[in-house]
Amino acid sequence: MKQRLVGFFDERMDLSALRRWAKEKSVPQHKHSFWYYFGGLALFLITLQIITGILLALYYSPNPAYAHESVKYVMETVKYGWLIRSIHFWGANFLVAVVFIHMFSTYFMKAYRKPREVMWILGVLILGLVLAFTFTGYLLPWTTLSYFATKVGVNTPSIMPILGRFITRIMEGGRDVGAATLTRMFTLHTVILPLLAVLLITLHVLLSQVFGSSVPLSQANKREAIKFFPNFLMRDAAVWAGGLAILLAMVTMFPAGLGPKVNPVMPAPVGIKPEWYFLFVFETLRRFPETIAIGTITLAVLVWLIVPFLDRRASRNQKSTFFTLFGAAVLVYMISMTILAYLTT
Amino acid sequence: MNRILGGGVAIVAAYILYPVIRFLSPPSVALGEQSKVFVTDTGIMKRNTAKYFKFLDEPAVLVRLPNGTYTSLSAKCTHLGCTVQFRSDGDYFHCACHGSEFAITGKVMRGPAVLPLPKYQVSVSGEKIFVSVPIEPA
């Protein structure tokens, strides 16, 4: 049966090139190979988010009058609703963490060097998309915390000269965060961002197949490798299973909660703060004037995006200590600001 | 020839993008009927308390001062838009999002906000308290 099926497609599409590629594809083995698994794990979590997201969309109502109630209905009445939403909630947190680890590990291994510049840029854009997913999804339960987090988020671009107010207005869909904002965030979260994500992730994965895994400069003399099919894929699958086990443990021990429904007229409650992955931005905004805070973060993101073109030494396969220190400084800043935000609010 | 073709493509792109961008930006709402709103009756609010309400599609606050008079301001923090909280223990507004503080007049007492809260006009007609469009920045 299997042979007949393969034969059917082979006859029509000539799968010999695909078979040759699968047979020849290998993954380098060295002391830093462990970090390779985070790319596959991110892909696995994205798949999980798509599946649970589609399921949640069957019950969700993007209207301020029903949004909170519809999520509550899923959590309390729909069979396994709490499970599906909790997987989506924890999956988002895990995904952000895994994509950050994947990005910083590839940064410190200088995997962005020639010829993988475009792959790096796509990767940074995908991280931006993941954060955009979390931001747009955050408003959907229409809770007090999600409402004010969105207010801060949509008002942040307004400090930019010329286009700032216009961008905020497009995101808000009115004079303030309200029904129009909820519809827009839902559309972004379920239609526009997924389309962009599919496009960017496909290109990113395609390029990773074309170039293969990057070997760090310190390991360039190592020639060991394992076959992708089935060896690496099996290990990848084991990592996915491990990730899923940890995720399900978190889901069952700490199911996603649902805060109180927002009353848009009432003030923001004391002690309000965003999710852990936005805490460093939150703390920066608290400690510095918004123009300096947003200006510096924007500049750092731009430098991060084009780092393959700035780090010329890495492109020539030479050590580039300056960029290693720059990456370390960014990481230390993010972690210390996150800790500060936890300690001072 | 390539330049002409490129220019043509750019014009077509602009033809398509312009209406899309205009479509994304919501039309401005005429504020005529909203420029004056009824908030509450006199005698309902105790001294040193605040009442929140929606005005010009944004949160606003009416405060009854310790001397019995009323004042009204926008409750939208001028930093990044959170709704500020009236603190009766010190007659000021506190923004829980990033910690800005404003005096009862709207003036910034503590950043990161730099602009004051816009002040509104309060008028009492019979036993009804109305708030109308901003008269001047604090």
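The values are calculated or read from the model by the stated rules, or taken from the named source; none is laboratory data. None of the values given here were measured: they were computed from a predicted structure. Counting neighbours? That spans all protein chains shown, and the Cβs are built from the backbone with ideal geometry, glycine included. Side chains are part of the model used for accessible areas, which takes the heavy atoms of the whole protein and leaves out ligands, DNA and RNA. Shrake-Rupley method; radii C 1.70, N 1.55, O 1.52, S 1.80 Å.
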Q.
Given the condition closer than 30 Å to residue A:211 by Cα and part of a helix (DSSP H, G or I), answer yes or no: does some residue in region A:51-71 qualify?
A. yes
For strands (runs of 3 or more DSSP E) lying entirely in region B:19-138, having 2 or more residues that are within 13 Å of another protein chain (Cβ to nearest Cβ) and open to solvent by less than 60 Å² (accessible area, probe 1.4 Å) picks out B:36-41, B:49-55, B:58-64, B:70-74, B:85-87, B:92-94, B:101-103
Of A:279, A:244, A:248, A:217, the only residue that is within 14 Å of chain B (Cβ to nearest Cβ) and more than 24 Å from residue A:182 (Cβ to Cβ) is A:279
Going through region A:67-77 in order, the residues found to be without any contact (Cβ under 8 Å) to a residue 40 or more places away in the chain and either buried (at least 17 other Cβ atoms within 10 Å of the Cβ) or in contact with a Leu (Cβ under 6 Å, 6 or more places away or on another chain) (or both) are A:70, A:74
Subset of region A:12-32, residues closer than 21 Å to residue A:220 by Cα and without any contact (Cβ under 8 Å) to a residue 60 or more places away in the chain, comes to A:24
Does region A:315-326 contain any residue that is surrounded by 13 or more Cβ atoms within 10 Å (Cβ to Cβ) and among the aliphatic types (A, V, I, L, M)? no
Check: For residue A:308, are the conditions met, namely being at pLDDT below 90 and surrounded by 13 or more Cβ atoms within 10 Å (Cβ to Cβ)?
Finding: no
When restricted to A:89, A:94, the only residue in contact (Cβ under 8 Å) with a residue 24 or more places away in the chain, within 10 Å of the chain's Cα centre (by Cα) and either buried (at least 22 other Cβ atoms within 10 Å of the Cβ) or farther than 30 Å from residue A:313 by Cβ (or both) is A:94
Residue A:239 passes all but one of the listed conditions (1) touching a residue at least 24 places away in the same chain (Cβ under 8 Å); (2) closer than 22 Å to residue A:116 by Cα; (3) surrounded by fewer than 18 Cβ atoms within 10 Å (Cβ to Cβ); the exception is number (2)
Residue pairs qualifying under the 9 Å Cβ cut-off, at least six apart or on distinct chains, with the first in region A:252-273 being on the phi > 0 side of the Ramachandran plot and the second being buried (at least 19 other Cβ atoms within 10 Å of the Cβ), are A:271/B:96
Residue hits (region A:172-195; facing another protein chain (nearest Cβ under 10 Å), at pLDDT 85 or above and open to solvent by 50 Å² or more (accessible area, probe 1.4 Å)) are A:184
Does residue A:81 satisfy being touching a His at 6+ places or on another chain (Cβ under 7 Å) and surrounded by fewer than 22 Cβ atoms within 10 Å (Cβ to Cβ)?
no
Per the list (1) loosely packed, with under 15 Cβ neighbours inside 10 Å; (2) within 10 Å of chain A (Cβ to nearest Cβ), residue check on residue B:14 breaks on (2)
From the option list A:257, A:295, single residue qualifying as open to solvent by 20 Å² or more (accessible area, probe 1.4 Å), within 14 Å of another protein chain (Cβ to nearest Cβ) and of a type in the set (Gly, Ala, Ser) is A:295
Scanning region A:175-201 residue by residue, the ones that are free of Cβ contacts under 8 Å to residues at least 12 places away in the same chain and under 15 Å from the mean Cα position of the chain (by Cα) total 3
When restricted to A:107, A:138, the only residue open to solvent by less than 40 Å² (accessible area, probe 1.4 Å) and either at pLDDT 90 or above or away from chain B (no Cβ under 14 Å) (or both) is A:107
When region A:143-171 is checked residue by residue, the ones that are open to solvent by less than 10 Å² (accessible area, probe 1.4 Å), within 24 Å of the chain's Cα centre (by Cα) and more than 10 Å from every other protein chain (Cβ to nearest Cβ) are A:146
